[in-house]
1. Across the chain, how large is the tail of the calculated P(r) beyond 22 Å, expressed as a percent of all Cα pairs?
2. I need to check one value: relative contact order of the range 3-87, counting alpha carbon pairs closer than 8 Å and at least 6 residues apart, in percent.
3. Which ³J(HN,Hα) values, rounded to whole Hz and listed in residue order, are derived for the range 10-22 from phi using the Karplus coefficients 6.51, -1.76 and 1.60 in 6.51 cos²θ - 1.76 cosθ + 1.60 with θ = phi - 60°, glycine and proline given as x?
4. In a GNM of the chain with a 10 Å cut-off on Cα contacts, which of Leu81, Leu64, Leu34 has the highest mean-square fluctuation?
5. Rounded to a whole number, what % of the accessible area of the range 3-87 do carbon and sulfur atoms account for, probe 1.4 Å?
6. Under a 10 Å cutoff between Cα atoms, tell me which one of Lys61, Lys44, Lys78 has the largest fluctuation in the Gaussian network model of the chain.
7. Could you provide, to the nearest whole Å², the per residue accessible area of the range 3-87 with probe 1.4 Å?
8. Can you tell me which of Ile18, Ile80, Ile42 moves the most in a GNM of the chain? Springs connect C-alpha atoms under 10 Å apart.
Amino acid sequence: MPQTVFYKGKDQDFSVIIENKAAVEKFRKGDHSLPLIDIVGIYKVFVSQRGTEASDDEASKQDLENEFGTSNRDEVIKKILTEGEFNTLKP
């Protein structure tokens, strides 16, 4: 079953879809030998507004800049993988 790593932001929440939890756990322990593309299932950052029932959309560069201080997708994905929480997607 697909999983995400969920990051609770100040105004919006962010997530990435991951290939497997073990790869994320290795990354968190400092093993950065796997390329990010092999850790995340889809090389995108998703955003959802709090308090809405809207489905997750891909985060814009402005969304990333506002929350993370950068629109560099690699840096944002690394932060989400490091600081986020595991979440299983419901079918």
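The values are calculated or read from the model by the stated rules, or taken from the named source; none is laboratory data. Source: prediction; values computed, not measured. A quick note on method: Cβ atoms are made from the backbone with ideal geometry, for glycine too, and the neighbour counts reach across all protein chains shown. Heavy atoms of the whole protein, side chains included, go into the accessibility calculation; ligands, DNA and RNA do not. Shrake-Rupley method; radii C 1.70, N 1.55, O 1.52, S 1.80 Å.
1. Value for the chain: 22 percent of Cα pairs lie more than 22 Å apart.
2. 38 percent
3. Couplings: 5, 10, 9, 10, 10, 7, 10, 8, 10, 6, 7, 5, 4 Hz.
4. In this elastic network of the chain, the residue with the biggest mean-square fluctuation among Leu81, Leu64, Leu34 is Leu34.
5. Values: 2180 of 5050 Å².
C and S atoms contribute 43 percent here.
6. Evaluated over the chain, the most mobile residue of the options is Lys61.
7. Counting only protein heavy atoms, the per-residue value for the range 3-87 is 59 Å².
8. Ile42
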